[in-house]
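Let me begin by presenting the structure, written as structure tokens, before commenting on it.
The values are calculated or read from the model by the stated rules, or taken from the named source; none is laboratory data. Here the structure is a predicted model, which means the values were calculated and not measured. Cβ atoms come from the backbone with ideal geometry, glycine included; neighbour counts cover every protein chain shown.
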Amino acid sequence: MFEVNRKIVEYIRNEWVIPSDNNSQFALDHGIDEKTVRRIKDDENYQIALITIMRICSAKEITLADFFKSVGI
């Protein structure tokens, strides 16, 4: 299960958080706490919550199914 979590966190980090280049704005735009964004970027052991994934997907206007397909799960 840890490997699946890492794939999800790394996908969000690499595809969306790092390119945005502004933790505060990413957090505001996606309805999550800035601390969560920092954890996605920096914490190698971060266990992302489903509600966080759902909020990000909602802000990106994609379904969870499409998200998981993009991640390769």
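Restricting attention to segment 16-43, which residues are free of Cβ contacts under 8 Å to residues at least 24 places away in the same chain, of a type outside the set (A, V, I, L, M) and part of a helix (DSSP H, G or I)?
Just the residues of segment 16-43 that are free of Cβ contacts under 8 Å to residues at least 24 places away in the same chain, to begin with: 18-28, 33-39, 42-43.
Filter again for of a type outside the set (A, V, I, L, M), leaving 19-26, 33-36, 38-39, 42-43.
Correct list: PRO19, SER20, ASN23, SER24, GLN25, PHE26, GLU34, LYS35, THR36, ARG38, ARG39, ASP42.
Mind listing just one residue for me: the one in segment 32-54 that is in contact with a Lys or Arg (Cβ under 7 Å, 6 or more places away or on another chain) and of a type in the set (A, V, I, L, M) and, of those, surrounded by the most Cβ atoms within 10 Å (Cβ to Cβ)?
Going through segment 32-54, the residues in contact with a Lys or Arg (Cβ under 7 Å, 6 or more places away or on another chain) turn out to be 32, 40-41, 46.
Filter again for of a type in the set (A, V, I, L, M), leaving 32, 40.
Numbers: ILE32: 19, ILE40: 24.
Restricting to residues being in contact with a Lys or Arg (Cβ under 7 Å, 6 or more places away or on another chain) and of a type in the set (A, V, I, L, M), the top hit is ILE40.
Within segment 44-73, which residues are outside any helix (DSSP H, G or I), acidic (Asp, Glu) and more than 15 Å from LYS7 (Cβ to Cβ)?
Of everything in segment 44-73, just one residue is outside any helix (DSSP H, G or I), acidic (Asp, Glu) and more than 15 Å from LYS7 (Cβ to Cβ), namely GLU61.
So which residues in segment 19-43 are of a type in the set (S, T, N, Q), at pLDDT 95 or above and farther than 20 Å from ASN5 by Cβ, if there are any at all?
Keep residues of segment 19-43 that are of a type in the set (S, T, N, Q), which gives 20, 22-25, 36.
Cutting the leftovers down to at pLDDT 95 or above gives us 22-25, 36.
Correct list: ASN22, ASN23, SER24, GLN25.
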